[in-house]
Amino acid sequence: MSIKSALGLESERKVRYAIVGLGDISQEALLPGVSHTGNSEVTAFVTGDAEKARKLGEMYGVTETYRYDEFDQLLHSGLVDAIYLATPNWRHAEFIIPALKAGIHVLAEKPLEVTTALCREIMDVQAASKAKLMVAYRLHFEPATLATIDLIRSGDLGDVTLFTSSFAQMVSAENHRARNGNLAGPVMDMGPYPVNAARYVFGDEPEEVVSAVGSRHPEAGFGDFDDTVAVTLRFPGNRLAQFVVSYFANTIDSFFALGTKGSVHVNPAYMFGKPLEQIVTVGQSQKHHSFKNTDHFGGELKYFSDCILEDRSPEPDAEEGYADVRVLEAILRALETGAPQKLEPFTRTRRIDTAQVQTLSARKPPELVNASNPSRDMEKAPKN
């Protein structure tokens, strides 16, 4: 903690962000949370929609807008210190790499990219840059998630050997996620959540994608990718993780971590906009915990800005993004081949520090401008 933080003083400087991509996640979740971070402000937009930029600019007091093909001009404008990147998955490296080379910090939505090759390229560029990169794993700062990690690390559940999870939503066939195949399908879009959760539950990296089985429901209206995928991962020490991700099932997001002495059920586990719940069973004793609904996006932004202002390395870094993408990439190979996929040995050099919890109060989302929620029923989607 910095001296200013210890004294309860506000930082004299705010990190100036450009929001790159003004879709539903930027509008619904990130922009409403900026004002109460105390250390962040938005000074520019990058978008291909002038009307969207104008209306959002009026809402948030942002007057500077750049098209995507003007991104390099933004980087050298002197208007921003950092970007928040919320473009489609396969357009991340396109903006991350030039930003880092220009010394501009990057908070990038997950997955970091859609291939390990691009992730490694990003990691190499970041290592040579003075700029910081954080992948937006908002749950790494969320109270219920961090309490669950502390519980598992305490040993109260014994040896945790099994992880199971279900994560589903009814995605509209009109949404862009339904029109870009596996690059935006449930594996790359929703898969980072259970993969990341299994990794922090076990505190380890999977050795193998044992199986990945997909199904395509004609009535879903997608056609060119599996709308529902079931996966089994093998971790060292005879530990297994099993999960299902789906674009064609009623909304659910939960996981179980089962140990030799007890278990924990987190439900909801991945969603924003409502309190996360935890049921802990040890022996025959069961306790229920409901955690305060917090602003996941404002919290992660505040943390990243603190890292920039205090020159600290953020925890969910590029290596954390790579750690998930190596698994997601192997899942897609298993779907294509029908065969198990061994994963090359990999050791994560850093794990979640549960002291990084953020507790900013939740904010009400505004009406969206020229953007749509992905869900068919228009309920809040458990998204990035």
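If I filter region 230-245 for residues that are at pLDDT 95 or above and more than 22 Å from D324 (Cα to Cα), do I get at least one hit?
Going residue by residue through region 230-245, those that are at pLDDT 95 or above are 230-245.
From what is left, the residues that are more than 22 Å from D324 (Cα to Cα) are none.
Within region 230-245 (the criterion being at pLDDT 95 or above and more than 22 Å from D324 (Cα to Cα)), the answer is no, since none of the residues qualifies.
Spot the failing condition for D306; the list is (1) surrounded by fewer than 20 Cβ atoms within 10 Å (Cβ to Cβ); (2) assigned by TED's automatic domain parsing to the domain that holds I97, and only one is missed.
All conditions pass for D306, except number (1).
Considering only region 275-300, state which residues are surrounded by fewer than 14 Cβ atoms within 10 Å (Cβ to Cβ) and either without any contact (Cβ under 8 Å) to a residue 40 or more places away in the chain or in contact with a His (Cβ under 7 Å, 6 or more places away or on another chain) (or both).
Within region 275-300, the subset surrounded by fewer than 14 Cβ atoms within 10 Å (Cβ to Cβ) is 283-288, 290, 292.
Residues satisfying the conditions are G283, Q284, S285, Q286, K287, H288, S290.
In this structure, does T354 turn out to be touching a residue at least 40 places away in the same chain (Cβ under 8 Å) and either over 18 Å from L146 (Cα atoms) or not assigned by TED's automatic domain parsing to the domain that holds L107 (or both)?
Details: touching a residue at least 40 places away in the same chain (Cβ under 8 Å): yes; either over 18 Å from L146 (Cα atoms) or not assigned by TED's automatic domain parsing to the domain that holds L107 (or both): yes.
Criteria met by T354.
Restrict the check to region 321-334 and report whether at least one residue is more than 19 Å from the chain's Cα centre (by Cα) and surrounded by fewer than 19 Cβ atoms within 10 Å (Cβ to Cβ).
For region 321-334, residues more than 19 Å from the chain's Cα centre (by Cα) and surrounded by fewer than 19 Cβ atoms within 10 Å (Cβ to Cβ): present.
Would region 49-69 turn up any residue that is more than 30 Å from A323 (Cβ to Cβ) and part of a strand (DSSP E or B)? Spell out how you get there, then give the answer.
Our first condition is that a residue be more than 30 Å from A323 (Cβ to Cβ); within region 49-69, this holds for 49-67, 69.
Still in the list and also part of a strand (DSSP E or B): 65-66.
Scanning region 49-69 turns up at least one residue that is more than 30 Å from A323 (Cβ to Cβ) and part of a strand (DSSP E or B).
Take L360 and tell me if it is of a type outside the set (G, A, S), surrounded by 14 or more Cβ atoms within 10 Å (Cβ to Cβ) and either within 30 Å of D226 (Cβ to Cβ) or assigned by TED's automatic domain parsing to the domain that holds A127 (or both).
Details: of a type outside the set (G, A, S): yes; surrounded by 14 or more Cβ atoms within 10 Å (Cβ to Cβ): yes; either within 30 Å of D226 (Cβ to Cβ) or assigned by TED's automatic domain parsing to the domain that holds A127 (or both): no.
Considered against the rule, which asks whether it is of a type outside the set (G, A, S), surrounded by 14 or more Cβ atoms within 10 Å (Cβ to Cβ) and either within 30 Å of D226 (Cβ to Cβ) or assigned by TED's automatic domain parsing to the domain that holds A127 (or both), L360 comes out as no.
Restricting to region 272-300, give me the number of residues that are under 17 Å from P32 (Cα atoms) and either more than 24 Å from the chain's Cα centre (by Cα) or not polar (S, T, N, Q) (or both).
Of the residues in region 272-300, the ones under 17 Å from P32 (Cα atoms) are 272-274, 293-300.
Next, from what is left, pick out any that are either more than 24 Å from the chain's Cα centre (by Cα) or not polar (S, T, N, Q) (or both): 272-274, 295-300.
Qualifying residue count for the region: 9.
For (1) assigned by TED's automatic domain parsing to the domain that holds V264; (2) in contact with a His (Cβ under 8 Å, 6 or more places away or on another chain); (3) aliphatic (A, V, I, L, M), each residue gets a yes or a no:
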{"position": "D72", "(1), (2), (3)": "no, no, no"}
{"position": "S77", "(1), (2), (3)": "no, no, no"}
{"position": "I96", "(1), (2), (3)": "no, no, yes"}
{"position": "L133", "(1), (2), (3)": "no, yes, yes"}
{"position": "V160", "(1), (2), (3)": "yes, no, yes"}
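Limited to region 290-314, what total is found for residues that are touching a helix residue (DSSP H, G or I) at 6+ places or on another chain (Cβ under 6 Å) and of a type outside the set (G, A, S)?
As a first pass, look at region 290-314 and keep what is touching a helix residue (DSSP H, G or I) at 6+ places or on another chain (Cβ under 6 Å): 291, 295-300, 303, 314.
Of the ones still in play, those that are also of a type outside the set (G, A, S) are 291, 295-297, 300, 303, 314.
Residues in region 290-314 being touching a helix residue (DSSP H, G or I) at 6+ places or on another chain (Cβ under 6 Å) and of a type outside the set (G, A, S): 7 in total.
Would you check if there is a residue in region 93-102 being surrounded by 17 or more Cβ atoms within 10 Å (Cβ to Cβ), in a loop (DSSP other than H, G, I, E, B), of a type in the set (A, V, I, L, M, F, W, C) and touching a strand residue (DSSP E or B) at 6+ places or on another chain (Cβ under 8 Å)?
No: zero hits.
With the requirement that a residue be surrounded by fewer than 23 Cβ atoms within 10 Å (Cβ to Cβ) and acidic (D, E), what does region 309-320 give you?
E310, D311, E315, D317, E319
The values are calculated or read from the model by the stated rules, or taken from the named source; none is laboratory data. This structure is a prediction, so every number in the text was calculated from the model and none was measured. Methodologically, a virtual Cβ is constructed for each residue, glycine included, from the backbone with ideal geometry; neighbour enumeration extends over all protein chains shown.
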